[in-house]
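Notes to accompany the following structure.
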Amino acid sequence: QVQLVESGGGLVQAGGSLRLSCAASGRTFSRYAMGWFRQAPGKEREFVAAISSSGGSTYYADGRFTMSRNNAKNKVYLQMNNLKPEDTAVYYCAASASGYYSEYLKISGYNYWGQGTQVTVSS
């Protein structure tokens, strides 16, 4: 069982930056690939970024974002730069037990989800 808690969301002006954090419980955190997804009002949840269990591989839907992890601290991060109003959404952290890259891009590829943190970008 893995419990995930996101933090770091907030209100930022367009062009600004935010760093989201996700804290995970459990001693098996380093076995999971991790991902970030987001969901804007009236839209489906979509993939943002993922990182392999070791942190050696990362995958992105947008080059303005950078994902990292610290397995010693049971945390993952999402650095978001040059934010745009269309980035406004609830951002979710998720953990995947799959070892396959193709699964990291899909909602169904994740076993555990956090409650989300709101990011609002004003124009």
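The values are calculated or read from the model by the stated rules, or taken from the named source; none is laboratory data. Note that the structure is predicted; figures quoted are calculated from it, not measured. Glycine also receives a Cβ, built like all others from the backbone with ideal geometry; neighbour counts cover every protein chain displayed. Only protein heavy atoms, including side chains, enter the accessible area calculation; ligands, DNA and RNA are left aside. Shrake-Rupley method; radii C 1.70, N 1.55, O 1.52, S 1.80 Å.
Some points to look at:
- Charge dipole magnitude, Cβ of K and R +1, D and E -1 - segment 12-123, Cα centre, debye nearest 20: 360 debye
- Net charge of Cβ neighbours under 12 Å - reference W113; Lys, Arg +1; Asp, Glu -1: 0
- A straight Cα-to-Cα reach below 27 Å connects K75 with the lysines K84, K106, residues fewer than 8 places away in its own chain not being considered.
- With distances taken between every two different alpha-carbon atoms, the chain has a Kirkwood hydrodynamic radius of 14.1 Å.
- The residues of segment 6-123 have, on average, 50 Å² of accessible surface per residue, using a 1.4 Å probe with all protein chains present.
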